[in-house]
Structure formats: structure tokens, C-alpha cells
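Step one of this worksheet: look at the structure below.
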Amino acid sequence: MKARFSQPQLPVKTVAAGDKTYIFICLNETQGTESYPDMGEGQTTEAYYEYDYNEIVGPTNNLPLDDIQAHPENYLDYVYTEQKEDPEDDRVKNLEEQVNSILNAIERGMNS
């Protein structure tokens, strides 16, 4: 995504708010000017700074903050997604435990 600003931006800016961190990445700056009609008969020209841009928001403890600071170029397309436990994983784990219990019981019965 591209974003334009009226002032130069830092490559990485972080803002902590409670247990969340907001990260703003601005890379590959290009400068330009844009003209538009003003309130009178004339034109107003303003300078702009355009960047490849990304915003990342997530729990501070779950974000790779140091790596984002060190390698922001790797995070231009990064989207934080909460890692939730898959209920299917619990189901499989329970079935494996049941199978192992049955196998152990059969083995004990064969050795008696």
C-alpha cells in the first residue's frame, strides 16, 4: 500500500497503548508536488512524501518488535493474526492418548 504525507516519516514508528502496539512502516520514499485550485483564481502547490506503507496492530508481547525495527522491509505486507488453538488439535491429542492407553492395556494383558 502507498501513503502520502506532508512531512518526511521515520522508517518505523511504534506507539504503545496499553497492552497493544501500533507500528507504522514507511519505506522507499519518493518526493513530489501536487497542485490544486485554491480558494481564489490561483493554484496552490504542495510538496508530498510518498512511501510504501503498512500499519501493524497487535498485543505487544506477540509482535516481533525488534525484528520489525531491524528489518522493516520484511514487514510491508505483514498482517498480525491472533494465534488461536485449533480445537481439532485437542481432539487429535485426546484420540492419540486413548489409543496409547488401549495399546498399553493390550500389551499388559498379553504379558500376563
Long-range neighbours under 6 Å by Cβ, at least six apart or interchain, first residue closer than 26 Å to Met1 by Cβ and of a type in the set (Ser, Thr, Tyr) within the range 79-90, second at pLDDT 65 or above and not in a helix (DSSP H, G or I)
Tyr80/Ile56; Tyr80/Gly58
Find all pairs meeting these conditions: Cβ atoms under 7 angstrom apart; at least six residues apart or on different chains; first residue within the range 99-112 and at negative phi; second residue at pLDDT below 80.
none
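Out of curiosity, is Asp52 in contact (Cβ under 8 Å) with a residue 24 or more places away in the chain, touching a helix residue (DSSP H, G or I) at 6+ places or on another chain (Cβ under 8 Å) and not aliphatic (A, V, I, L, M)? Give the steps one after another, and end with the answer.
On the way: in contact (Cβ under 8 Å) with a residue 24 or more places away in the chain: yes; touching a helix residue (DSSP H, G or I) at 6+ places or on another chain (Cβ under 8 Å): no; not aliphatic (A, V, I, L, M): yes.
Spelling it out, it is not the case that Asp52 is in contact (Cβ under 8 Å) with a residue 24 or more places away in the chain, touching a helix residue (DSSP H, G or I) at 6+ places or on another chain (Cβ under 8 Å) and not aliphatic (A, V, I, L, M).
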Could you please let me know if Tyr51 is among the aromatic types (Phe, Trp, Tyr), modelled with pLDDT of 95 or more and more than 12 Å from Lys2 (Cβ to Cβ)?
no
Just one of (1) in contact with a strand residue (DSSP E or B) (Cβ under 8 Å, 6 or more places away or on another chain); (2) at pLDDT 95 or above trips up Ala70, so point out which.
(1)
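The values are calculated or read from the model by the stated rules, or taken from the named source; none is laboratory data. The shown structure was predicted, so the numbers you read here are calculated from the model rather than taken from an experiment. When we count neighbours, we look across all protein chains shown, and the Cβ atoms used for this are built from the backbone with ideal geometry, even at glycine.
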